[in-house]
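S.K.: To start, I am sharing the structure in question, which I have written as structure tokens.
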Amino acid sequence: MTVVTAERITTADHAVRIATELAEVFAAGAAERDLSRRLPHEELDQLSASGLLAITVPAEFGGADLPPSLVAEVVRILAAADPNIAQVPHSHFVYLNLLRLAGTRAQQRDYFGKVLAGARIANAQSERGGATVADISTVLRPVGETGASDADRQPVESSRIDGGGTARRFVVEGTKYYCTGSLFADVLAVLTRLDDPQGISGLEPGEYVAFVPALEPGVRIVDDWDALGQRTTGSGTVEFAGVTVGPEQLVARASAVNAPTGYGAFAQLLHAAIDAGIARGALAAAAEFVRTRSRPWFEAEVTHAADDPLVVQRFGELAVAVAAAESTLIVAGAAVDAAVRPKVAVAQDAHPAASGDGDGAQASIAVATAKILADRAANEVSAAIFEVGGTRSAAAEHRLDHFWRNARTHTLHDPVRWKYQHIGRAVLHNRPPPLHGVI
């Protein structure tokens with residue numbers, strides 16, 4: 001468990017103020033941490049202690065219950081300072097949303113309470129061995145599935161995982177990669193596929209997220225992340241060898257992912273916020289460099305590089321790209337807010353799960369638009385630092401390359417070319433985007 005005393009954030013203004021204060025602190029050491037790959041353990045403890053990681057906890061469980069648009073703004077502010085730190089809690093917020101949508105009351109009380117106390121959740125989701133990233137081979141197997149006795153074959157009391165005292169246990173086996181934040185986590189959210197051909201668990205077939213303590217026996221977290229950017233996100237490999245879990249640790253994904261709940265739109269909104277933040281941070285760094293270090297090109301016949309009309313023109317273009325990304329992020333955030341308004345619960349033990357007045361399809365399209373513009377701005381502006389800064393901007397001592405490396409690495413998360421496809425189909429055929437949790 002993260003050893004911090006977490007503050008309680010109660011309003012949107014409070015959250016933005018705290019995020020802004022932390023961003024100023026985090027920005028001061030971002031380039032040096034990137035250069036030496038010093039993992040931000042202390043900074044993430046500060047983030048936990050600030051209370052920002054609990055801002056989406058529903059009010060009935062003691063949280064501020066702030067909307068997705070506000071979470072995106074907090075992430076954008078942090079990303080402008082250090083996108084590594086901003087990316088670490090991405091999965092944390094996504095899996096809190098899963099608990100809100102699909103967890104039982106008991107699970108919500110448990111995990112929301114941990115987060116309010118400062119705990120951090122990280123993902124263990126992606127794999128490498130399948131034909132595509134959507135293929136999951138990590139298995140969730142009921143204990144006794146092989147060679148089970150008649151007693152073992154009795155199903156659990158309900159097909160819903162209600163944590164109601166059943167003795168059934170499960171084993172998690174597999175290896176995950178790109179596990180962002182795993183080196184800093186208290187809990188790992190492990191995407192698994194139920195392997196129960198005999199049907200002894202009583203659970204519906206499909207994918208389940210197992211919430212596993214990071215220090216659980218059988219869990220091995222490997223610090224092997226070696227990408228050219230986002231170097232301090234702790235996105236290494238996690239191995240699960242005979243890790244045992246109970247039903248109270250399992251959440252079925254289907255009700256959140258295979259319905260218009262805004263689950264995927266929320267996750268993608270935060271990715272767009274990271275990219276928009278990188279773009280803003282890169283623009284600020286470029287402007288500071290040109291004002292204080294660059295020499296003007298002789299043909300401009302000016303004393304200062306910042307007065308070169310061609311440089312001024314280029315900064316205008318870059319500023320428009322950043323403003324467009326930030327503006328569409330605001331629009332997308334409002335659309336996701338509308339899509340995730342809770343409806344009246346349909347079961348006594350279930351938290352409200354799906355969209356009410358909002359439109360999940362419209363939210364996904366709005367987020368796809370924001371993601372495209374944020375991707376474009378982050379890569380363009382971070383590369384243009386050298387274009388406007390001149391030869392000396394490429395010197396290693398200035399460490400300006402970390403903006404581009406971070407942008408190029410993070411924007412590989414999911415291809416924007418498919419965002420264009422979904423937007424085009426919506427315009428031409430009025431076809432909603434697919435429900436797979438990645439748009």
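S.K.: Name the single residue that is farthest from VAL94 (Cα to Cα) among those in segment 149-190 being of a type in the set (D, E, K, R), at pLDDT below 95 and surrounded by 17 or more Cβ atoms within 10 Å (Cβ to Cβ).
M.R.: ARG168
S.K.: A follow-up question, please. Could you list, in sequence order, all residues of segment 82-100 that are buried (at least 23 other Cβ atoms within 10 Å of the Cβ) and over 10 Å from the mean Cα position of the chain (by Cα)?
M.R.: If the condition is that a residue be buried (at least 23 other Cβ atoms within 10 Å of the Cβ) and over 10 Å from the mean Cα position of the chain (by Cα), then ASP82, PRO83, ASN84, ILE85, LEU96, LEU98, LEU99, ARG100 are the ones that fit.
S.K.: Just to verify a result, which residue in segment 11-56, among those that are polar (S, T, N, Q) and more than 17 Å from LEU96 (Cβ to Cβ), is modelled with the lowest pLDDT? So that I can check it myself, show each step before the final result.
M.R.: Taking segment 11-56 first, the residues polar (S, T, N, Q) are 11, 20, 36, 46, 48, 50, 56.
Then keep just the ones that are more than 17 Å from LEU96 (Cβ to Cβ); that gives 11, 20, 36, 46.
Working: THR11: 97, THR20: 98, SER36: 93, GLN46: 98.
Filtering segment 11-56 for residues that are polar (S, T, N, Q) and more than 17 Å from LEU96 (Cβ to Cβ), the one modelled with the lowest pLDDT comes out as SER36.
S.K.: To continue, here is another question. Can you tell me which residue is surrounded by the fewest Cβ atoms within 10 Å (Cβ to Cβ) among those in segment 297-315 that are touching a Pro at 6+ places or on another chain (Cβ under 8 Å) and not aliphatic (A, V, I, L, M)?
M.R.: THR303
S.K.: Would you confirm whether or not segment 126-143 contains a residue that is in contact with a Phe, Trp or Tyr (Cβ under 9 Å, 6 or more places away or on another chain), among the aliphatic types (A, V, I, L, M) and either crowded, with 24+ Cβ neighbours inside 10 Å or at pLDDT below 95 (or both)?
M.R.: Initial filter on segment 126-143 (in contact with a Phe, Trp or Tyr (Cβ under 9 Å, 6 or more places away or on another chain)): 126-128, 138, 140-143.
Cutting the leftovers down to among the aliphatic types (A, V, I, L, M) gives us 140, 143.
Subset that is either crowded, with 24+ Cβ neighbours inside 10 Å or at pLDDT below 95 (or both): 140, 143.
Taking every residue of segment 126-143 in turn, at least one turns out to be in contact with a Phe, Trp or Tyr (Cβ under 9 Å, 6 or more places away or on another chain), among the aliphatic types (A, V, I, L, M) and either crowded, with 24+ Cβ neighbours inside 10 Å or at pLDDT below 95 (or both).
S.K.: Count, please, the residues in segment 82-112 that happen to be closer than 25 Å to SER69 by Cβ and assigned to a helix (DSSP H, G or I).
M.R.: If we filter segment 82-112 for residues that are closer than 25 Å to SER69 by Cβ, which is where we start, we get 82-103, 108, 111-112.
Filter once more, so that each one left must be assigned to a helix (DSSP H, G or I): 83-87, 90-102, 108, 111-112.
Of the residues in segment 82-112, 21 are closer than 25 Å to SER69 by Cβ and assigned to a helix (DSSP H, G or I).
S.K.: If I go through segment 50-63 residue by residue, how many of them are in contact (Cβ under 8 Å) with a residue 12 or more places away in the chain and surrounded by fewer than 17 Cβ atoms within 10 Å (Cβ to Cβ)?
M.R.: Quick first cut of segment 50-63, residues in contact (Cβ under 8 Å) with a residue 12 or more places away in the chain only: 50-58, 61-63.
Those still in the list that are surrounded by fewer than 17 Cβ atoms within 10 Å (Cβ to Cβ) too: 62.
Qualifying residue count, segment 50-63: 1.
S.K.: Related question: Any residue at all in segment 188-206 that's in contact with a Lys or Arg (Cβ under 9 Å, 6 or more places away or on another chain), under 21 Å from ALA119 (Cα atoms) and part of a loop (DSSP other than H, G, I, E, B)?
M.R.: No.
S.K.: With ARG193, ARG220 as the choices, which residue is modelled with pLDDT of 95 or more, basic (Lys, Arg) and under 30 Å from ARG341 (Cα atoms)?
M.R.: On the way: ARG220 fails: under 30 Å from ARG341 (Cα atoms).
Residue meeting the stated conditions: ARG193.
S.K.: From the list GLU216, GLU239, GLU248, which residue is part of a strand (DSSP E or B), over 18 Å from the mean Cα position of the chain (by Cα) and within 30 Å of ARG168 (Cβ to Cβ)? Before the answer, list the steps.
M.R.: On the way: GLU216 fails: part of a strand (DSSP E or B); GLU248 fails: part of a strand (DSSP E or B).
The match here is GLU239.
S.K.: Then there's this: I'm trying to understand the selection: among the residues of segment 384-403, which are free of Cβ contacts under 8 Å to residues at least 24 places away in the same chain and out of contact with any Leu (no Cβ under 9 Å at 6 or more places or on another chain)? Working first, answer last.
M.R.: Step one: of segment 384-403, the residues free of Cβ contacts under 8 Å to residues at least 24 places away in the same chain are 386, 391, 394-397, 401.
THR391, ALA395, GLU397, ASP401, listed by residue number.
S.K.: Hey, can you tell me all the residues within segment 317-329 that are more than 18 Å from GLY390 (Cβ to Cβ) and either hydroxyl-bearing (Ser, Thr, Tyr) or surrounded by fewer than 17 Cβ atoms within 10 Å (Cβ to Cβ) (or both)?
M.R.: To start, the set of residues in segment 317-329 that are more than 18 Å from GLY390 (Cβ to Cβ) comprises 319-329.
If the condition is that a residue be more than 18 Å from GLY390 (Cβ to Cβ) and either hydroxyl-bearing (Ser, Thr, Tyr) or surrounded by fewer than 17 Cβ atoms within 10 Å (Cβ to Cβ) (or both), then ALA319, VAL320, ALA323, SER327, THR328 are the ones that fit.
S.K.: Anything in segment 28-68 that is of a type in the set (Ser, Thr, Tyr) and farther than 30 Å from ALA395 by Cα? List them, or say none. So that I can check it myself, show each step before the final result.
M.R.: The initial filter retains those residues of segment 28-68 that are of a type in the set (Ser, Thr, Tyr), namely 36, 48, 50, 56.
Selection gives SER48, SER50, THR56.
S.K.: If you don't mind, there's one more thing I want to ask. Scan segment 7-36 for residues that are within 21 Å of the chain's Cα centre (by Cα) and in a loop (DSSP other than H, G, I, E, B) and jot them down.
M.R.: Matches in segment 7-36: ILE9 only.
S.K.: Could you check segment 283-312 and list, in sequence order, the residues that are in contact (Cβ under 8 Å) with a residue 40 or more places away in the chain and assigned to a helix (DSSP H, G or I)?
M.R.: LEU283, ALA284, ALA285, ALA286, PHE289, VAL290, ALA305, VAL311, listed by residue number.
The values are calculated or read from the model by the stated rules, or taken from the named source; none is laboratory data. Note that the structure is a prediction, hence the values are computed from the model and not measured. Reconstructed Cβ throughout: ideal geometry from the backbone, glycine too, with neighbour counts over all protein chains shown.
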